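Taking it in order: structure first as structure tokens, then the write-up.
The values are calculated or read from the model by the stated rules, or taken from the named source; none is laboratory data. Keep in mind the model is a prediction, meaning the values are calculated, not measured. For accessibility, only protein heavy atoms count, side chains too; no ligands or nucleic acids. Shrake-Rupley method; radii C 1.70, N 1.55, O 1.52, S 1.80 Å.
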Amino acid sequence: MIRVLLLILGLAVSIGVQAQLRSIPTPAKRGEIRHVQETLVEINGKRMRLASGAQIRDASNLIVQPVALPRGALVRYTVDAQGDVFRVWILSAQEAAQPDPRR
């Protein structure tokens, strides 16, 4: 019985750890973002459109709506073939402190 409980506890902890890990692709660019209106954002002072199906993830890796973007949040992002913003990761303090892997 104790073994079963320890196994369940171990699985729960490993699932929780896996949920916190996230992989941001190396080609993702770095910048500061703010929501302008509807599907329009501004990254590093340049207005860009969010692609259809774009995802914005917060530091906990939860999906957030564009209107919930903190003004001036440090992010990494990718664009699609049309140059529209496709994926956005709001950086945690720890991720923001790391050097940009693209440099």
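Could you give each residue of segment 41-57 its phi-based ³J(HN,Hα) in whole Hz, using Karplus coefficients 6.51, -1.76, 1.60 with θ = phi - 60°, and x for Gly or Pro?
10, 10, 10, 6, x, 9, 6, 9, 9, 7, 5, 5, x, 4, 10, 10, 10
Which order do you get for Arg76, Arg87 if you rank them by accessible area with a 1.4 Å probe, largest at the top?
The residues order as Arg87, Arg76, largest area first.
Please list log₁₀ I(q)/I(0) at q = 0.13, 0.21, 0.24 Å⁻¹ for segment 37-103, using the Debye equation with identical point scatterers on the alpha-carbon positions.
Ignoring solvent entirely, the Cα scatterers give -0.34, -0.91, -1.16.
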